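Each remark here refers to the structure printed beneath this line.
Read-outs: derived from the displayed coordinates by stated rules, not from any lab. What you see is a predicted model, and the numbers here were worked out from it, not measured in a lab. Don't worry about glycine lacking a Cβ; one is built from the backbone with ideal geometry, like all the others, and counts go over all protein chains shown.
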Amino acid sequence: MDDQRANSNPPWWKDAGLRKLNFFLLSCYLGAISNGYGSSLITNLIADPRWFQDISGVDNSKLLGLVTAALSLGGIAAFFPAPLISEKLGRQMAKRILTEYHSNGRVNDPLVEVELTTMLLTKDIPRSQSSWSALYATSGNRKRLLLTVVIGIATQWVGNGIITFYLPPVLQTVGIESPHHQQGINGGLQIYSWLLALCAALLAEKAGRRRLLLLSACTMLLFMVLVTACSAVYVSTRSVAAGYAVVVFLFLFLGGYVIGLTPIPVLYVNEVWPGHLRTKGSSVFWVVQAIAVCFNQFVNPVALGKIGWKYYLVYVGVLVFFITFVFLFVPETKRLSLQEIEILFDDRFPGRDSPGTDDICVIPGNTHLCGSAGGVGLVSVLSHTDAV
């Protein structure tokens, strides 16, 4: 449902259906926030033996940690009946949701018919066209795959990892060794990043994805160069002013990160992949990101310990590459529908020219919906007097 906001005309607050949709999505996000806060709190408490000694006098953290992890196994029981329930009730539920949130309660609205039929067309796509090999079967999909991999790597390899995971060692390199001061700086960074990320998310549709990515990368490059220079000055002269300058530039660097690489990657990756490959494309993004995080966990502490501030030069090079890549290869998707974005990558209408499939046309009410059983679905919605 979140994807539909990009397919609607602004401003959203004037549309009753979109107001309901955004309110519903807000409740989902608040639930995720509360769950994340609670789980992180419990996870940290389980890792602290003193907590168990306070409540029971026995350090049983390993046993309780295993029990906590095993609770998620209960979700496996829902895997088996889910397809049957979805097939039996899914269409009615989907139409009811689309009617309520996308057409303000109008049951036979053409938009609802188009979206529902597109979903059904996508479901009937041959397995060969929605397999993993389809991710690189066409030139358009290869472009999408390249964007997905590079953006996934960039979310972790532009220098944010050393600040997010290794801020205390970084601060120690410029003479800030007090745990109290380190915690204060860390807390300030989190609040500052949260506020900037909210503002950037609101600007994504106005400023554009590509522009925010370029602004983010250029800002990070500028302040990473300044962090590197000031760190080198501190190591050579032990200048207190240089150490404080590093802290200021770290704040500005992280601000550059959150205005682009916090709100844009997940949104952009989901936009560029067609419906029948969106899940697999998103999976590639998350797997690549996880691999990049693992690399950071093992390499960053070793590199910081061995060469100190000189390690920042590696991220300067990565940022130069990322800026060049975004400038040359990342198209703008601002205010484009999902179908228009597909045309942008494939140079053809969605659902046409798909190998081994035949075009089909469905006539919902007074509209003609032309699509393909092997394509993404929607090609056009014509008036009743137009030729199909």
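Looking at Ile259, Ile162, Ser283, which one has the Cα that reaches farthest to the positive end of the dipole of region 136-341 (charges on Cβ: Lys, Arg +1; Asp, Glu -1)?
Ser283
Determine ³J(HN,Hα), in whole Hz, for all residues of region 104-117 in sequence, where each value follows from phi through the Karplus function 6.51 cos²θ - 1.76 cosθ + 1.60 and θ = phi - 60°; x replaces Gly and Pro.
Along region 104-117, the couplings run 6, x, 7, 5, 9, 5, x, 4, 4, 4, 5, 5, 5, 5 Hz.
Using only the C-alpha atoms of region 136-341, find the volume of their convex hull and express it per residue in Å³.
Spelled out: Cα convex hull of region 136-341, divided by residues, is 113 Å³.
Using just the alpha carbons, could you tell me how many Å³ per residue the convex hull of region 241-315 encloses?
In region 241-315, the Cα convex hull volume per residue is 95 Å³.
For region 130-173, report the convex hull volume of the alpha-carbon atoms normalised per residue, in Å³, without decimals.
70 Å³
Consider all pairwise Cα distances in region 167-209 and report the whole-number % of them above 15 Å.
55 percent
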